[in-house]
Each structure stands twice: as structure tokens, then as C-alpha cells.
1. Among the listed residues A:Ala266, A:Ala284, A:Ala226, A:Ala249, which satisfies the condition of being closer than 21 Å to A:Ala103 by Cβ and either in contact with a helix residue (DSSP H, G or I) (Cβ under 6 Å, 6 or more places away or on another chain) or not in a helix (DSSP H, G or I) (or both)?
2. Please verify whether A:Arg254 is surrounded by fewer than 24 Cβ atoms within 10 Å (Cβ to Cβ), of a type outside the set (Gly, Ala, Ser), within 21 Å of A:Val105 (Cα to Cα) and touching a helix residue (DSSP H, G or I) at 6+ places or on another chain (Cβ under 9 Å), treating the condition exactly as stated.
3. Please specify each residue of region B:173-195 satisfying the condition of being in contact (Cβ under 8 Å) with a residue 40 or more places away in the chain and either in a loop (DSSP other than H, G, I, E, B) or farther than 22 Å from B:Val229 by Cβ (or both).
4. Among (1) out of contact with any Lys or Arg (no Cβ under 9 Å at 6 or more places or on another chain); (2) surrounded by 19 or more Cβ atoms within 10 Å (Cβ to Cβ), where does A:Met133 come up short?
5. Filter region C:103-145 down to the residues that are touching a Ser or Thr at 6+ places or on another chain (Cβ under 6 Å) and more than 24 Å from C:Ile220 (Cα to Cα), then identify the one that is nearest to the other protein chains (Cβ to nearest Cβ).
6. Considering only region A:252-262, how many residues are facing another protein chain (nearest Cβ under 8 Å) and assigned to a helix (DSSP H, G or I)?
7. Go through B:Thr255, B:Thr293 for me and flag whichever is surrounded by 20 or more Cβ atoms within 10 Å (Cβ to Cβ) and touching a Ser or Thr at 6+ places or on another chain (Cβ under 6 Å).
8. Do we have any residue at all in region B:245-255 that's modelled with pLDDT under 85 and under 27 Å from the mean Cα position of the chain (by Cα)?
Amino acid sequence: MQKRKKEKEPEKQSQFQIFWRMFRKNKLAVAGLVVLLLIILAAIFADFITPYYPEEQNLAGAFISPNASHWFGTDEFGRDIYTRVIYGARQSLVIGFGAVALAMVIGCVLGLISGYYGGAVDAFLMRIMDIIMAIPSMLFAIAIVAALGSNLRNLLIAIALSKIPNYARIMRASVMSVKQMEYVTSAKVLGVSNLRVILGDILPNSFSPIIVQATLGVAFSILTAAGMSFLGLGIQPPTPEWGNMISTAKNYIREFPYMTIFPGAAIMVTILALNLLGDGLRDALDPKLRY
Amino acid sequence: MKTGEVLVELNDICEYFSVGKKKLKALDGINLVIHSGEVLGIVGESGCGKSTLGRVISRIYHPTKGQVVYKGMVSNVPRREEKEHRLTEKQKKEYCKNVQVIFQDPYSSLNPRHTTRKSIIRGMEVHNLYPGHQEERMKELLQMVGLPESAADRYPHEFSGGQRQRICIARALSIEPELLICDEPISALDVSIQSQIVNLLISLKERLGLTMVFISHDLSVVKYICDRVVVMYLGTVMEVADSQELYRNPLHFYTKALLSAVPIADPEVEKKRHRILLNGDIPSPVDAPKGCTFCSRCPYADALCEKERPALKEVSPGHLVSCHHLDRIEKEETKEGAYVTV
Amino acid sequence: MLRYSIKRLLQLIPVALGVSLIVFTLLHISPGDPVKLMMGENVSQEVLERTREAMGLNDPFVVQYLNYIKDVFLHFDLGESYATKQPVIEEILKCFPSTLKLTLVSMAVATVGGILLGVLSAVNQNKGIDSVINVLALLGISFPSFWLGLLLILLFSVQLGWLPSSGLEGWKGMILPCTVLSLQSIASLTRMTRSSMLDVIRQDYVRTAKAKGLSAAAVIFFHEIKNALIPIITTIGMDFGSLLGGAVLCETIFSIQGIGRLMVDSIKRRDYPVVQGCVIFIALACCLVNLAVDLLYMVIDPKLKKTKTEG
């Protein structure tokens, strides 16, 4: 029944238009995208949508339960939790997207080289990836932060390094399957150079699984970063970050549970949005559903 | 180059692939010439190495041994010998320009993210042809292969298999090659489309004076389109002859068996057609026989066949056969008056 | 089968060496003087220098690494803790049982729960129960585990007083930590099982089995699950690593004296030999589990058994 509808639509469409048409059908994924965009906008324009400064202390006004002037209440130093949650999004988003971007670039380059050239280069690179994969990524990130010291940059590097093998492997597998395609052979027969074949034929056609993995990777990175900050190995107070806010809040969980609830809910909503988006992308990009 | 002169020469081409520790001999000592302006058919069962041969000629594969000579110049040798033959990048690119391939599967041979325009213009850009006039040239090509100009802005998934194959042909012709290798160009298409593409190829060949290598397992099409035919079996050449001669007077027992499998359109004649059924399956090229590759399935094979590979001998002008026992086969046949039937 | 197992065990050696090299390098370049960390600040320069020489810290990096490797692989000696002066391996073995108990129980819970929910969901595709499970699984993979832990403590320990808020004693003490640790795995396994089952359900041989008149239950248990298991087992094997990673958080929240907690505490104390030891120990544990999963594969999938044993 759906098929007939599809046939009626105009034939001329780019790959992106097909993708968008598939994606748009998935209401949950669109909702995820919208929520994520709202969170990003909130983080960018935090200065304009928050009534207080995130690190402004007011000991007289500590531990105020949520009310009209402090929507999420205040913490042990009287700082406005709503403000801190909004500003906290900056750290999480920077780490989430930054770590994934870094891991993706390095991983994709390694995977491309590995898959395209094969042979000894491939074997060598993949053994290194195996070694990194052998250490659970959370522990690997912890070890790196332990060595380099805990701050935003190191946290980002640590998470990125631990995730490189994922992208390298996906990219490699997908390059190896695209490499078999006759359009790659045709390009070579036409005399197109190796670099151009890689950039023009192989990379664009290997990218779908990477995009899906990246979306889920952002979710994973945000969770890991929050977890590490919660352990005291990530972003240090007083900089507002969801993980370290929960870490402090747990000391007051019996008396003032709201201090724990709001930053945690912020993490959950972000991750949920990313997961919904990732599911939608996967379904829309899945070649099995195409044609 | 004048019609009839030697365009490509294949000297003792071998192509081995390693399968685990074993060697798969896809091509084992192929000697052939391709004349300028002819259509050379290469036929054989699947797995006999005919596609591999096409890929060696077009430089997709390097041979393990032997050399491809194009217009008197060495153009494809084993990778380690490239230095020895002073093969420069420029020469390789020049050779790419002159030899183009059309593949079997039109669905995977176009980049799904490129419009027809991009697919066709790409080759011209690489070789710096028609600077400034590429757009017109592309339209001309589209017209030549029978596609509307509006096809230029569309993506591969919007076309049918036959239309895609037309785009592939336009792409191959865009850089004006001299030799066009068609690697089973019609076997992935619907039967109704096949003849259209075959006729298109013939007319283009006439119009552009192309030399063509036509690889196929469809003997009737090969008969229709080719001037000369090469019969391959397990990586070796069994028989080479002019198309007419080969179909009228096949000498190698394998060729006879192959031809006897072609259905005949006339029901009266078809009823009388004797089929030669070969025993067993084609052996795996990993452990191909040491002597004549065909000896495991040939009813005439004896100890000599198992030990020694027969050379490709010219039995009449232009008719080459590789068999030790041509005389015996002929004698037995006249005695029995017919093919061996099962 | 045996040959393959031995081959796989031997393949572990370069991985173990690589892991130790990475970790050793990382902590080697970390700031801070280990001798000062070990002996405190108020020691004379001379004593510092002598200890440094005695510990081999003045040797070139490669020599130090080789010595470390030699100790690790020949004597199972991971060095000595700066803080407690105890051998690191003893510290680890003291903490390991709790972590092992926590992860194994969670893994079992995740496997059973994930497969059950996934099958339930796939069999009832597009019905109410399927949607409910889908939503729960989606929430499950989106929940930060440490936050969930705190919320559960708040509800069951603080408000209701039913369960202890720390430790891992008795079945009551296990409930909260294992729930927290296994939640993500249950959720991801449920999703995995569902899609894997749906793939199998569409296969022709399953339709044939149904056409032969096998009951629904028989089809599910004899045909579908068995064949859907392969991707599921991979996921379980890979989850073991993330469970060990998650154990760090879980142990901190519930004050369990496990290996993860030991690691975090050691980082804060700058007790690097312990950190090093923990990472190498856990990496090896993960490798062994993945090896076990691989061997399990061959038992389930005879096709793999043939190719892998041959190749």
C-alpha cells in the first residue's frame, strides 16, 4: 500500500531527498532531532535565557527548593540549578560532539587506509585497534585522564582515543564492500587517481554506517564524560557540568533530592534525543529499505 | 591505425590468485592477438577465466606472468617488472584512455551519488578532453546511446538496467577509446532489452571504428556480433577461429560440446539436435589438471593428454586448436557418423 | 577445535603486550615524581636519588618497560603499591571477587532478561506489548546508570527502607547494584534480540517449519532463537567490557570495595602501579571472556566451526 504512494511521487530526487523523505516519516526521530536542536540552541544562547550567573554564590539562599524564581531550586552554595543545568549543556555537548568528531576523523582515515590498501598495512593497523578494543573504553578513558590530568580537553581526547577503533572498523568494513563495486573499478579504468577514487567514490558511499555510529557515539561520549565527572575524574567544580553536579548533589540526596534529579534528567533527555535520532537515521539510511 | 593490423598482443599471460596456501590459476599461458577494427568474442563456461582475461587487458589486474603489448608498446606486465619496462604513469594513463570496459552489472557500475552528467564528464576531466565543450560532448554522447538530454541530471537509481547500461556505454566512449572491452554487457539485463543493447553496440562500433572484445557465455549472441571467437576452458585457450568457421566447423571436442548445447530456433532441426553431454563438472581451477586442462572430461583423453599440455596449433589459416588427438576425433566421428551421445 | 583454541590463546599474547605497552607509556608520561609520591615530600635529595636508582627509574624507558613486562608475565608481579606498600596483585585479588560477582550476576540478569524481553517483543511485533518493551528499552539505553542508582537508593533505601544503600551482602544487597549495572545491557540486548529475531522470522525455513505444523512455541525455541543467537552472543561478549567499565561507577555509588573503586581511589592517590595493574588485569579478563565467547560460537554455529578450524 505504501509502494503505490511512493510511485506517484515525482521521480527526480537526489539521494538526500530520498533520505529525508524516509526520515521524515519517523515522527520519533524528528522529535529527537528537534529536542537536540533546542538543547544546542539553549547551550549557545545560555547567556540570554538564564536569569543568574552559573558560578554566582549566595550562601544565604542555599538549598532553596524549586519555586518561581529558581525553577530547579538552588544548590549548597545558593547557585541557581536551572542556570547551571543550561550552562552544563555546553560542556556535555562540546565533549560529546568534539570527541566523536575527533575519533571519527582519525578512525575514518585509518579505516580508509586499512580497507583500501589492505595487506600488511591493514594487518598492522587492525592489530593496534584490537589492542585498544581490548581495554573497556571507559577504563581506557580513565587511564588516559589519570595520566594527562583531568580537564575538558583531556577528557575529550581520552574519550576520542578510546572510540577510534569503532570508526576505523566500520569504515574499513564498508570500504572493503564498496571497493568491490564495479563503479570503483570503472573509475580506475577511466584513469581516475587513487586519491580521487577514495574521495569521490569510496568515502561518500561508505559514510552511512559512520553517521549512524557517530550519532550513537555522541550519546555514549556524553554519558561517559558525565560518568567520569561524577567520579571526580572529569570536569572539576565549580565549572557546571551535569556529572559533577550530580556528584555533589549525592551528598545531599536524602534532604534535597531535587538537586540530583534535574541534572540527571538533563542527561537523560539529551541521550534519549540522540538515540531517537540515531534510530531514525539508521532506518532512513539502511540500503535494504531503499529502491 | 589501419583495420586488420595487430592492436593488442597477449604474450603468455598467466594470472594466479592465492587461495589460502594454494594457487588458483585463473589464466594459464594465454597467447592471443586482437586486430584493429575486429570484434573478438571470448566464450566459455563461468569460471573459465574469460572475465579475468578482460581485466588483464584493461589493466584492472596485473598479470602474474607475461605481458600485454599495445601497438608495439608494453602496457601491462607483472607489477614487479614495471620498472624494467620503464612504464611511466603518463603511459599508464594514456593506455587507460585507449582501453575502456563495460561491466556486467549495470546496477553496481555507476556511483549512486553521481548524476549521469558527473559520471560521463568525469573521464573527460581526468584526461583533459574537450576543455570548455564537455557539456555539449556529454549531450552528444547521451543522444548517441539513445538517452534523452534530461537524463543528465538524474541519479542511477532512477534508471532501468538497460538505461544504466547505456550510461555506462556513454561513459566508456566519452574518452574516445580505441578498444572497448564488453564484459558480459547484456547478461544482467532482461531478454527484451538485450537485443537493443547488442544492436547499439554494433552500430557504435561501425560508426566509431572501434575494436571490441566481447566476453560472453551466450553463444548465439557471440555468433551474431563477433568476427572472430576464442573458446576458453579453465584458464587456457581451446580454439580460435573466425566466427563463421568456428560455428560451421568446430574442431575441438569442447567446442563441439558447447555448440551442441545451443538451442536452434527451427523446431524441426531442433528435434534432431544431438547434445554432447560432458561427464562431470568443470574442475576447480585450484587443482587444474597438469596436462591438457580438458582431459578430465574428454572421452578421447589418454596418458599423453594427462602429461603434456597441447600447444595451440594452426590447422588451417586463422583456425587454431589446442588438442593432441584432432585426427583421432575426426576419424571416430566419421566412423560413428555422429557425435558421441549419451 | 583444540588447535583453534590454542591458536586464539597465543593470539592473546601480542594483545596483552600491546595493552601493557600503552598503559605503561601513558603512566610513564604522567606528571609527578613517583619516588616523591611514594616516600613523601620530606625526604633528603640523597635518599630520593638512591631509591630512584634502586628502583631502576633512571634506566631508559625501554629497559624499564622490559623489566616490567618480565615481572608481569614471568612472576605475575605487577609491582608494589606506593600507598600501602603491598604487592599490587594482592590488592587486585582482594578486590576482584566483588567485581566479578557484580559483573557476572549482572551479565546473567542482562542475558536472561534481554533475550526474554527481546523474544517477547519480536513475537508480538507491532502489538501493545512490543511498543511497551520498545519504549522501556529506549529509556533503558538512555538512562545514565549512576543517576539511576541514586534514584533507586532514594526510593528503596531512603524512602521505603527496603534495601540497603551500600555493599553487596546477601541477595537484598545485590538487587540494587545489579539492577543498575545490568540496565543498559538488558536494554541493548532486548533491542538486539528483537531485530535479530525479526530477521530470522522472515526467513523461509521458519515459514517452512510453521507450514509443517510445528507449534508456535516449538518454532520459536527450536528454529528462531537458535539462529538468532549468534549476533546476540557477540553483543553479550562485547557487553562484558562495558559492564566492567560500568562497574567502576556502580561500585562508587554503592560503596563496594571492588576493582573499579580501587582504580579510582588509586588515581586520586596517584598510586600509579595500582592503576596500571588494574587496567592490564581488566583488559586480560575481557580478552579471556571474548575468547570464551568465540569458542561458544563454534559450538552453536557448525558452519563457523568448519571454516575456522580449517583456516
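1. Every option except A:Ala226 fails the conditions.
2. Taking the combined requirement at face value, the residue does not satisfy it.
3. Step one: of region B:173-195, the residues in contact (Cβ under 8 Å) with a residue 40 or more places away in the chain are B:173-185, B:187-189.
Those that are in contact (Cβ under 8 Å) with a residue 40 or more places away in the chain and either in a loop (DSSP other than H, G, I, E, B) or farther than 22 Å from B:Val229 by Cβ (or both): B:Leu173, B:Ser174, B:Ile175, B:Glu176, B:Pro177, B:Glu178, B:Glu184, B:Pro185, B:Ser187, B:Ala188, B:Leu189.
4. Here A:Met133 clears every test but (1).
5. C:Ile141
6. Narrowing region A:252-262 to residues facing another protein chain (nearest Cβ under 8 Å): A:253-254, A:257, A:260-261.
Okay, now just the ones that are also assigned to a helix (DSSP H, G or I), so A:260-261.
Of the residues in region A:252-262, 2 are facing another protein chain (nearest Cβ under 8 Å) and assigned to a helix (DSSP H, G or I).
7. Just one listed residue meets the conditions, B:Thr293.
8. Residues of region B:245-255 that are modelled with pLDDT under 85, as a first pass: none.
The answer is no; no qualifying residue exists.
The values are calculated or read from the model by the stated rules, or taken from the named source; none is laboratory data. Note that the structure is predicted; figures quoted are calculated from it, not measured. In this analysis, Cβ positions are derived from the backbone assuming ideal geometry, glycine residues included, and neighbour counts consider all displayed protein chains.
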